[in-house]
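What follows draws every value from the coordinates through simple rules; no lab data is involved. Values in this document were obtained by computation on a predicted structure and should not be read as measured data. Don't worry about glycine lacking a Cβ; one is built from the backbone with ideal geometry, like all the others, and counts go over all protein chains shown.
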Amino acid sequence: MLPARPNSLILLPGMMCDDRLFATQITRLCHEFEDKVEVIVPVLDTADTIEGLAHNIIAEAPASFALAGLSMGGIVAMEILAQAPERINRLALMDTNPLAETNEGLVRRDRQIQDVQNGLLKQVIMDEMKPLYLAENPHKQAILDLCMDMALSLGEVVFIRQSCALRDRPDQTATLASAHCPTLILYGAEDRLCPPERHYLMKQLIPHATLAEIEGAGHLPPLEAPEASYDHLRAWLNQDS
């Protein structure tokens, strides 16, 4: 079990998501672990580079912390690992990608940035991002509505900053190969944005990591399969250092 002293868990949400992405997991953590875990969910809006976002989170973080990130949050988590590996006592990477952006992705992101600058944020989210998020699920429409609400709440400036950061992100394969802390690699079996192959690669880079597939989930298992996602996070938090 977790030690008696408080532990800090930093949860990093995906692009254009906020703490509502992890609502079920946060509620369960607070109920089950009470004062033994402090949950922190930064908003990824303080810089337009992955390096800058990671630097700003490290500057505000406790001396030692567990770190979990989904999608863009996982990419920022890998950069935190690159900048301050001694601060991280365990790492969870969910539905994310350790590779730099592709040439095709560079073109797509530049076009999306231009569209959002022209006032088309809702259309970009609806037409180009939301259709790739989820597996078929009885709650799919409600989850998509939540994703849209999170995105519109964060707004155009955050979209552009996050898009620039993701467009220019570094390759993190060497960073992952140096990871030594207890590590969870979790992904939805039907993720089309960050497919299973990316997670197999991360497992090859971190052989001691636990690889967890969530059946019936796409890119957002914490919303699509909240209880299964929590069970894996709970086991990871209870894992010996």
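Couplings 3J(HN,Hα) for region 157-170, derived from phi with the Karplus relation 6.51 cos²θ - 1.76 cosθ + 1.60 (θ = phi - 60°), are 4, 5, 4, 5, 4, 5, 5, 5, 5, 5, 4, 9, 5, x Hz, where x marks Gly and Pro. Restricting attention to region 136-219, which GluC sites (Glu not before Pro) occupy a DSSP loop and are surrounded by at most 10 other Cβ atoms within 10 Å? Here the GluC sites (Glu not before Pro) that fit, given the DSSP loop and packing criteria, are Glu136.
For the chain, what is the charge dipole size about the Cα centre, in debye to the nearest 20, if Lys and Arg each add +1 at the Cβ and Asp and Glu each add -1 at the Cβ?
I would put it at about 260 debye.
Taking every DSSP bridge with both residues inside the chain, close to 0 percent are antiparallel.
Taking other residues whose beta carbon is less than 12 angstrom from the beta carbon of Leu132, and scoring Lys, Arg as +1 and Asp, Glu as -1, yields -2.
Rounded to the nearest 20, the Cβ-based charge dipole of region 38-145 about its Cα centre (Lys and Arg +1, Asp and Glu -1) stands at 160 debye. Charge tally around Asp145: other residues with Cβ under 15 Å, Lys/Arg +1 each, Asp/Glu -1 each, net +1.
Across region 224-239, coupling constants 3J(HN,Hα) worked out from phi with the 6.51/-1.76/1.60 Karplus curve, θ = phi - 60°, read 7, 9, x, 6, 4, 4, 4, 4, 5, 5, 4, 4, 5, 5, 8, 5 Hz, and Gly and Pro carry x. Taking amide H as placed 1.01 Å from N in the peptide plane, Leu12 has its amide H under 5 Å from the amide H of Ala68, Gly69, Leu70, each at least 5 places away in sequence or on another chain.
Coupling constants for region 179-190 follow from the phi torsions by the Karplus curve (6.51 cos²θ - 1.76 cosθ + 1.60, θ = phi - 60°), and in residue order they are 6, 10, 7, x, 10, 10, 10, 10, 8, x, 4, 10 Hz; glycine and proline get x.
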